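The values are calculated or read from the model by the stated rules, or taken from the named source; none is laboratory data. Owing to the predicted nature of the structure, the values given are computational and were not obtained by experimental measurement. Here the Cβ is made from the backbone with ideal geometry for all residues, glycine too, and neighbour counts use every protein chain on show.
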Amino acid sequence: MSRTTLVKVESGDPGVSMGIYAKVLMALGMIDNLAALAEVSNDSIGLTLEEERLPERIRQKSIGNNRTS
């Protein structure tokens, strides 16, 4: 890995591939953290956005039998 690529990783350049980040994590002994990064339950913002996209209840729940015969 070139010094330029490492500087890009350190500065958070979005053009750096995930493979490069995996190599850096491996070199630092932190490769287990890569799985935690992809864990959906750790993404509170993503979960909130998904919750906002859920459809809302349109009809009220009926209590008992409101039908007339």
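Some observations on this one:
- Within the range 11-69, the set of residues being of a type in the set (A, V, I, L, M, F, W, C), modelled with pLDDT of 85 or more and farther than 27 Å from Met1 by Cβ comprises Ile45, Leu47, Leu49.
- Taking the conditions (1) surrounded by 10 or more Cβ atoms within 10 Å (Cβ to Cβ); (2) assigned to a loop (DSSP other than H, G, I, E, B); (3) under 17 Å from the mean Cα position of the chain (by Cα) in turn, Pro14 satisfies each one other than (1).
- Selection from the range 31-55 of residues that are under 16 Å from Tyr21 (Cβ atoms) and in a loop (DSSP other than H, G, I, E, B): Ile31, Glu39
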